[in-house]
C-alpha cells in the first residue's frame, strides 16, 4: 500500500507542530493501543513526562445508531441499543424499553414478575460491567492476575444470561412491554448459587486489587475530579458518586421496582487520599457490586416467593403488535453501570418509526471530562485516569 | 421555576416529558443563565443537547436542551426552533461544559452552527466528510477516498 497523504486530512491533529515550544512534543496515543480500551485516539502535548494538553479524537467506532433508529420500527432498534454499551446490554435495553413503554402509556401495567426479572438481569449485567471495568483497569496499571480471576467470575454471569436469552453479550431479551421469554426453569436457584459463590470472591478481589499497595500508589490522589466540575461536565454514575455526591437514578427517579428494594448508594470518601481520585472510583465500583448482589438476592426471593413462576404467565402478554405512540417528545433516563443513559424520542404519531431517537451516552459525556482533569499529570497517570473513567467505545461513538 | 417561566411568558407544552418550553433564539442565553443561576431553579446539570431536523417540508431545525436540577429534583427542556438554511445559535459552553461535545455532535450530524463555541469541529465523522447525515434529505457521497460508500453485494465468481 502506497503512502496516501490525502488520508491525513480525514483525522488531522488539532495541535500543530509549528506552534510548539522547543521542549514540547506531540504524542499520538491510539487508536490501536491496549490502554485506550478500544479505538480511542488521544493527541497529547507533552513536555518530557508531563502531559500539558489532551485532545481526544473519537468516532472510530461510529455506527450511525441514531440514523439507523430513524429508519427502523421501535422494537427493531433494540439490537442496535445492545451494541452501544456492549458490556452492559441489559441495562441499555431496560432504559430503551422503559422509554417506549412510557410513550405508549403501558409502563404501569407491566406484571411485577417481568419487572423483577428485568432488574435481576440488569443487575447481573451491572456486576459483569463493573468486573470488566476493574479487571481492565488492573491491566492498565500492570496487575495481570485480577483480570483472569475476574474473567472467570464474569463467565458465570454470561452463562446465566446466555441461558436466559440465548446470547452471551448482545441479548435482545428485554422487549417493549415485556420480555422475550420467561426465565428458564431452575434459573433462580442457579443464580442464587452464583450469589453465594461470588460474595467471597468480591472480598478476594478487594484484597488482591483494591487494597494492593502498588494499586493504591498508582491511583490515590491521581486524577482528582472536584464535584463542581463533575456536575458542570455532566458526569454521572460511579464517577460522580466517587466525587462525593450520593446521586443514583435508581434511588432518585425510583424507576421499575427499585423503590421496593433495599440497597445503599456508596460514595467516595477519600480513604486513600482525596475524594474523587482514581482509587475512589475503583472502590465505588467494588461497593456497587456488593449492592447489586444484594439487589439480585432480593429479586430472587421475590421471584421464588410472591411472584413465582406460574403456568399461565406470559412475558409477552403486553408486547404490542403495533408500536405507534402518540405524537410527543420524551426524554427517559436510567442508571447504567457507567452513568445516566438517556434516550430522547420524538414520535410523530403517524408511523411506527421514531422521528428522532437521540442517545445520551454516559461514556461519551464522562470521557469529555478527561482533558479537564489530566492537564499537568504524568504520562503514566494519564493511563490511570483514562482507565478509571471506564469508557466503552461502542457507547462513546454509538 | 414557574416564576422564571412566567417572567419570560413561557408555558410548558402538554405533549412532552419533561415539561418543554419553546423560547426565541435571542432569549435563549438569558433564560438559560437565569435558570442556572437563580437559587429558586438552580438547574446545575445539562443532561443532553439534541438537534433535530424537521425535514424540508417544515423547513425548520430544533435544538432541545434537557436541564436537570440535582437539589430540587426537577427536569425542564428548553426548545429553540431555527431556520433550516444556515441554522445558527449561541453556544452554551460557558454555562455547562457538557454542551461542548454535544454541540459538536449536533454540528457534525446536523450542521447546526454554535456561535462562540471554543472548538467547533466534527466529532464523530472524519473531518473531510461531506454533508450532515441526520438531515432528512441527506445524500451520502459516492466515493470516500476511493472507497465506495454504499454497500455493494459481492459478485459471485464467474469461472465455477
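What follows is calculated from the coordinates using simple rules that are stated; it is not laboratory data. As the structure is a prediction and not an experimental result, all values here were calculated from the model. Please note: Cβ atoms are built from the backbone with ideal geometry, for glycine as well, and neighbour counts cover all protein chains shown.
Has region A:343-351 got any residue that is surrounded by 24 or more Cβ atoms within 10 Å (Cβ to Cβ), more than 25 Å from residue A:104 (Cβ to Cβ) and under 26 Å from the mean Cα position of the chain (by Cα)?
no
Checking the condition over 11 Å from residue A:331 (Cα atoms), touching a residue at least 40 places away in the same chain (Cβ under 8 Å) and in contact with a strand residue (DSSP E or B) (Cβ under 6 Å, 6 or more places away or on another chain), which residue from B:82, B:76 passes?
Just one listed residue meets the conditions, B:82.
Among (1) within 14 Å of chain B (Cβ to nearest Cβ); (2) over 27 Å from residue A:147 (Cβ atoms); (3) surrounded by fewer than 19 Cβ atoms within 10 Å (Cβ to Cβ), where does residue A:100 come up short?
(3)
Of everything in region B:36-62, what is part of a helix (DSSP H, G or I) and within 20 Å of residue B:117 (Cβ to Cβ)? Give them in sequence order.
Residue satisfying the conditions is B:36 alone.
Just to be sure before I move on: is residue B:6 surrounded by fewer than 15 Cβ atoms within 10 Å (Cβ to Cβ) and part of a loop (DSSP other than H, G, I, E, B) in the structure I sent?
Considered against the rule, which asks whether it is surrounded by fewer than 15 Cβ atoms within 10 Å (Cβ to Cβ) and part of a loop (DSSP other than H, G, I, E, B), residue B:6 comes out as no.
Output the number of residues of region B:35-46 satisfying the condition of being touching a residue at least 40 places away in the same chain (Cβ under 8 Å) and either within 11 Å of chain A (Cβ to nearest Cβ) or exposed (fewer than 15 other Cβ atoms within 10 Å of the Cβ) (or both).
Selection size over region B:35-46: 3.
Sort out which residues of region A:168-191 are surrounded by 16 or more Cβ atoms within 10 Å (Cβ to Cβ), out of contact with any strand residue (DSSP E or B) (no Cβ under 7 Å at 6 or more places or on another chain), on the phi < 0 side of the Ramachandran plot and assigned to a loop (DSSP other than H, G, I, E, B), and write them in order of number.
A:169, A:170, A:171, A:176, A:180, A:182, A:183
Which ones in region A:315-335 are out of contact with any helix residue (DSSP H, G or I) (no Cβ under 7 Å at 6 or more places or on another chain) and touching a residue at least 12 places away in the same chain (Cβ under 8 Å)?
Answer for region A:315-335, where residues must be out of contact with any helix residue (DSSP H, G or I) (no Cβ under 7 Å at 6 or more places or on another chain) and touching a residue at least 12 places away in the same chain (Cβ under 8 Å): A:316, A:317, A:318, A:319, A:322, A:324, A:326, A:327, A:329, A:331.
Let's see how each residue does on (1) surrounded by fewer than 11 Cβ atoms within 10 Å (Cβ to Cβ); (2) at the interface with another protein chain (Cβ under 10 Å from one of its Cβ atoms); (3) over 12 Å from the mean Cα position of the chain (by Cα):
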site	(1), (2), (3)
B:104	no, yes, no
B:113	no, no, no
B:132	no, no, yes
B:158	yes, no, yes
